[in-house]
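Student: Starting off with a structure, shown below.
The values are calculated or read from the model by the stated rules, or taken from the named source; none is laboratory data. As the structure is a prediction and not an experimental result, all values here were calculated from the model. Positions of Cβ are generated from backbone atoms using ideal geometry, with glycine treated the same way; all protein chains shown enter the neighbour counts. Heads up: the accessible areas ignore ligands, DNA and RNA and are worked out on the full protein's heavy atoms, side chains in. Shrake-Rupley method; radii C 1.70, N 1.55, O 1.52, S 1.80 Å.
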Amino acid sequence: GEVPVQDGSAATKALLSDYKPTAAATPMRTPRTPAGGDTILMEAQNLVALTTAATPLKGGENTPLHPSSFDGVTPSRKQIQTPNVLATPFRTPAPPGTKMLPPPAAATPAASTPARTPLRDELRINDDSASMDESVMAEKHRQAAMKKQVLAGLSSLPAPSHDYSIAVPPLPPAHDENQHAESEEDASDRLARETAQREAAEAALVKQRSKVIQRDLPRPFTINTSVLKDASVFDSLPALQRAEEMLKREMLSLLQYDALKFPLKAGPPPKKPPQLEAFTQQELHTANELLEQEMGVVEHALGHGPIGSNGVFEKAWEECNQELAYLPSQKKYSRVSTATKQEKLDALRDQFESLRMHMEKESKRAMKLEHKLNVVFAGYQTRATQTTASIAELYQKLDEARRDLQCFRGLQIQETHAIPLRIQRVQEEVSKQMEREKELQARYAHLLAEKDTLETLLMRAPS
């Protein structure tokens, strides 16, 4: 009655694992990359949804749309990492003291981790908590070593000295109650003040210049110093001539100074500047008053008004201009009365050539300006021509309309006077026609009665 037992006792068979050859593990597959959606179709659906959506002024939720990607129409590649099967833990460690049951006999071999050989420890002979304890102890040792390192670094720091120095800023001086604190000047006010100072300084410099420079009057290109007489005969001259010589010297000095400080383009400036005496504004003002008084005396003595009135200056200028002429043989201006006939003829020829050259120069300049004006204002000229023609046409139509209006107004006046006469004439004709019609009606009635009488007589007459 005994049951034969193969390969050990049946009572101890459940305590041992199945040591048959391990079945081949099912190979792990790489997860498939999820298929990307159709970008064109999603954008078309978004466009249809936006087109058929109601106005956002009504409120409510927005139209749901697919997420848009502007990288391109081709689907974007998504980098998906393959899971690391080796990093997957064998099993969740059980707490110490927990009774582990052996796996069921019908467990599928592929259910275990296929990347390594399954661990045959159904009897829990190898305790998993040992590795966990070792990792915990190693972590504690590492934290203790880091703590010692930090404490060693802190202990190497120098000790605090606790020495402080307090510096109190100086207090501003006390001001009176009635004294206002001066504020910093504004940038715009400072700029305006500096500009006014600079303009005042420039105006003062301008006042110190000669009247020729202040008024921008014409100046000679070359300074003629031959008008001065020899210095050796200056003392022997009368008082009036000496005053005239002094005025000439002062005039030449001013001309040379202006030519040096404000040179002209045509004439060369003098090499040596003249020595001018500096005057104050008060002295210059006094000199102007004296000149005005002297001018008043001269005007009263000569019997004419101020220089700028009644053409006195123009007349004097014409007389001086006619008296002086440029003599090419002498290469200077001289009096015409002292020149010979040949010199006068040469002076006229030179004047004619100068005028001709000036005319040619001005004509070329005028042609250039005209060409420039034609280029710049060609469109305006065309438009002006068209507008002028249109205005002329409109003016002609306006003139015709005025003439027609006058004609119709005259016709209206004539018709206004003629209409009552016509009405009266028509009324008279109508009255005459009515009277004639009455007469004809009466005659017709008489004849009709006569006809009836005759018919009655004929009917009564014997046949």
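Student: Which of the listed residues, ALA231, PHE262, ASN288, is farthest toward the dipole's positive end in region 189-301, when Lys, Arg count +1 and Asp, Glu count -1 at the beta-carbon?
Tutor: PHE262
Student: For region 179-289, what number results from the quotient of the Cα radius of gyration and 2.2 N^0.38 Å? Walk me through the numbers before you get to the answer.
Tutor: Numbers: Rg = 21.2 Å, N = 111, 2.2 N^0.38 = 13.2 Å.
That works out to 1.61 for region 179-289.
Student: Whole number in Å², please: accessible area per residue of region 226-383, 1.4 Å probe, ligands, DNA and RNA not counted.
Tutor: With the other protein chains kept in place, region 226-383 gives 85 Å² per residue.
Student: What net charge do the residues around ASP235 carry, taking every other residue with its C-beta under 14 Å from that of ASP235, with Lys and Arg at +1 and Asp and Glu at -1? If you can, show how the numbers build up before the last one.
Tutor: On the way: positive: LYS229, ARG242; negative: ASP230, GLU245.
Once positives and negatives cancel, what remains is 0.
Student: Rounded to the nearest percent, how much of the accessible area of region 312-381 (1.4 Å probe, protein heavy atoms only) is carbon and sulfur?
Tutor: Carbon with sulfur: 60 percent of the solvent-accessible area.
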